[in-house]
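Single-structure report; data block below.
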Amino acid sequence: MSTPQPTSRPYIRERASGPHWYGKWSRNGRPVVRGLGKAWAEPDGVGGWKRRRGTPVGGALTEAQAYARMTELVTEHDAELARVEQDADERAKRGVTFRALVRDWLVYLGTEKGAKPSTLVDYGWMTAEPGTPHRRGTGSCPGLLMAALGDRSITAMSTRDVSEFLRSLDAQGCKPRTVNRFRQLISAAFNYGMREDTYALTSNPATGTTKRREPPPAVLDFYEPEEVEELARAAALGAHRIVGTAAIGPDELEARRREDEQDAQLYRVAAYTGLRLGELLALHWEDVDLTNRRLIVHRALSAGLEGPTKSWQARFIPLADNAADALEALADRGDFTAPADYVFCNRFGRPLNGTALRRRFKRAAQAAGLRFLRFHGLRHGAGSLVARQADPRWVQGFLGHSKMSTTERYLHAKARPEDVERLNRAFAVREPSAQ
């Protein structure tokens with residue numbers, strides 16, 4: 001590598017603000033031009049420049065000062081490029097890093113696999129660099145994965161390296177499910193790297209690590225229809241609102257009354273159709289057929305973006321009377337009922353915010369005196385109640401499950417009243433017959 005040298009003295013160019021010095025030199029045969037500052041010069045009358053009389057002011061430079069500045073810039077530029085080249089050499093020696101593999105894998109998930117936006121957001125948080133600010137609030141991501149493995153070469157990373165990282169999560173008190181999610185992410189990224197059209201890796205170091213034993217799923221709990229109605233009534237009365245001290249005008253009171261009524265009907269539709277929250281928020285009036293009493297579910301909101309359902313399949317949902325009545329009440333609201341409008345929307349016609357909706361749901365349950373359940377519990381209730389009356393295959397289609405094993409959780413969520421009678425008949429003690 002040759003030592004950079006100035007190829008000429010500084011020269012002057014006229015700019016709108018006056019004459020300025022420029023320096024030019026070469027490094028490894030490539031020309032470099034940099035501005036040096038204002039020139040303490042004036043036209044010489046023959047197309048050139050000459051030094052002005054007096055002492056330079058306002059930061060202007062004489063030719064000698066400009067040359068000294070150019071020499072400084074040559075040294076700084078050379079040192080900067082030397083660091084860049086050294087880093088590049090070190091990266092070349094290390095090979096492709098795990099950080100680079102993960103970034104490529106995330107692009108592949110979004111462009112080729114069509115992963116849900118919420119999934120990409122989740123993976124983005126798990127693979128964020130340490131200190132990356134949260135999208136909301138003042139917190140930042142710990143960046144545990146990249147801090148531990150980001151700079152490792154994917155060809156040199158061993159099963160021991162991955163195991164040590166997972167054990168460090170154990171030591172920090174992470175739940176087994178969290179540790180397994182990181183393990184699954186590392187494994188998926190390396191599976192992508194083993195493809196011939198990517199990095200043609202020969203092994204996946206995550207395969208030999210231990211999957212943590214997770215506790216069994218919690219027993220499904222859900223609201224009975226009577227409890228759903230109590231929840232809806234509390235929402236309709238505005239009991240789930242946080243009362244402020246500011247004076248509220250009649251227009252705002254009416255807007256809030258309509259929002260409360262919509263929340264009440266949304267809880268009913270969720271509980272009596274089993275739709276996921278994202279499916280509810282993406283429901284348009286053109287998807288609602290009140291004449292034939294059915295919904296078509298073929299899209300969902302994920303991270304604020306509308307896309308396909310979780311199973312990537314459309315399904316038709318028949319409407320029970322209580323679900324149809326809730327939708328009919330919303331259809332009579334007078335605005336935002338065109339085919340392309342959202343069934344559940346804010347006062348501007350835009351989709352509801354899922355996070356805020358979950359908070360209101362929690363407060364409505366408290367106001368109604370009900371035990372706390374997640375919003376997804378309404379879907380659990382729909383599946384479990386229908387499972388009391390329908391065969392498993394029908395329940396699977398009703399809920400849009402891609403696997404029967406998911407549906408089986410709903411089959412024995414709560415005992416049916418007739419189960420006791422069935423058991424009594426099975427275990428009945430027969431009196432001995434008279435001899």
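When you take every Cα atom in segment 184-237, what is the radius of gyration, and what is Dmax, the widest Cα pair distance, in Å?
Rg then Dmax for segment 184-237, in Å: 23.2, 63.
Amide H to amide H under 5 Å from Leu352: which residues, 5+ apart in sequence or cross-chain, H placed 1.01 Å off N in plane?
Those lying under 5 Å, H to H, from Leu352 are Asn346.
For segment 89-219, compute Rh as the Kirkwood radius over C-alpha pairs and then the Stokes-Einstein diffusion coefficient at 20 °C and 1.002 mPa s; write the answer in µm²/s, rounded to an integer.
137 µm²/s
Let's see if you can work this out: charge +1 on each Lys and Arg Cβ, -1 on each Asp and Glu Cβ, no other charges. What is the dipole magnitude of segment 299-435 about its Cα centre, in debye to the nearest 20?
Approximately 760 debye in magnitude.
May I ask you to give the solvent-accessible area per residue for the chain, in square angstrom, as obtained with a 1.4 angstrom probe?
Per-residue accessible area for the chain comes out at 59 Å².
With each run of n ≥ 4 DSSP H residues scored as -39500 (n - 2.57), what mean residue ellipticity at 222 nm is computed for the chain after dividing by its residue count and rounding to the nearest 500 deg cm²/dmol?
-14000 deg cm²/dmol
How much length, in nm to one decimal, is gained on full extension between Arg9 and Trp125, taken as 0.36 nm per residue of separation minus their Cα-Cα distance?
Taking 0.36 nm per residue and subtracting the Cα distance, the gain is 36.5 nm.
Report, to the nearest whole %, how much of the accessible area of the chain belongs to carbon and sulfur atoms, 1.4 Å probe, protein only.
The nonpolar share, carbon plus sulfur, comes to 51 percent.
Spelling out what I want: for every residue of segment 375-389, take phi, set θ = phi - 60°, compute 6.51 cos²θ - 1.76 cosθ + 1.60 (Karplus), and round to whole Hz; glycine and proline get x.
Once θ is set to phi - 60°, the couplings for segment 375-389 become 4, 4, x, 5, 5, 4, x, 4, x, 5, 5, 5, 5, 6, 10 Hz.
My understanding is that a pair violates if its Cα-Cα distance is over 19 Å; which of Lys310/Lys403; Lys175/Lys310; Lys175/Lys403 do that in this structure?
Violating the 19 Å limit, Cα to Cα: Lys175/Lys310; Lys175/Lys403.
Mind listing the phi-derived Karplus ³J(HN,Hα) values for segment 148-163, rounded to whole Hz, using 6.51, -1.76 and 1.60 with θ = phi - 60°, and x for any glycine or proline?
Once θ is set to phi - 60°, the couplings for segment 148-163 become 8, 10, x, 8, 6, 6, 5, 7, 9, 5, 10, 4, 5, 4, 5, 4 Hz.
Give the accessible area for Met157 in Å² (nearest 10); use a 1.4 Å probe, count only protein heavy atoms, and leave out ligands, DNA and RNA.
20 Å²
Would you work out the relative contact order for segment 100-222, in percent, from Cα pairs under 8 angstrom that are 6 or more residues apart?
20 percent
For Asp335, what accessible surface area do you get with a 1.4 Å probe? Give it in Å², rounded to 10.
We get 60 Å² for Asp335.
Give the separation of the Cα centroids, segment 42-121 to segment 358-427, in Å.
If you average the Cα positions of each part, the centres end up 61 Å apart.
Evaluate E = 1/(1 + (r/R0)^6) for Arg136 and Ile248, where r is the Cβ-Cβ distance and R0 equals 22 Å; express this FRET efficiency to the nearest 0.05.
Efficiency, from the Cβ-Cβ distance: 0.25.
What lysines sit close enough to Lys38 to cross-link, taking a C-alpha to C-alpha distance under 22 Å and skipping anything fewer than 8 places away on the same chain?
Within the straight-line cut-off, Lys38 pairs with Lys24, Lys50.
Calculate log10 I(q)/I(0) of segment 177-306 for q = 0.13, 0.17, 0.19 Å⁻¹, where I(q) comes from the Debye formula with a single equal point scatterer on each Cα and nothing for solvent.
-0.86, -1.04, -1.14
Please report, in debye to the nearest 20, how large the charge dipole of segment 163-317 is about its Cα centre when each Lys and Arg carries +1 at its beta carbon and each Asp and Glu carries -1 there.
900 debye
The values are calculated or read from the model by the stated rules, or taken from the named source; none is laboratory data. Quantities reported herein were computed from a predicted structural model and do not represent experimental measurements. We place every Cβ from the backbone using ideal geometry, glycine too, and count neighbours over all the protein chains shown. Heavy atoms of the whole protein, side chains included, go into the accessibility calculation; ligands, DNA and RNA do not. Shrake-Rupley method; radii C 1.70, N 1.55, O 1.52, S 1.80 Å.
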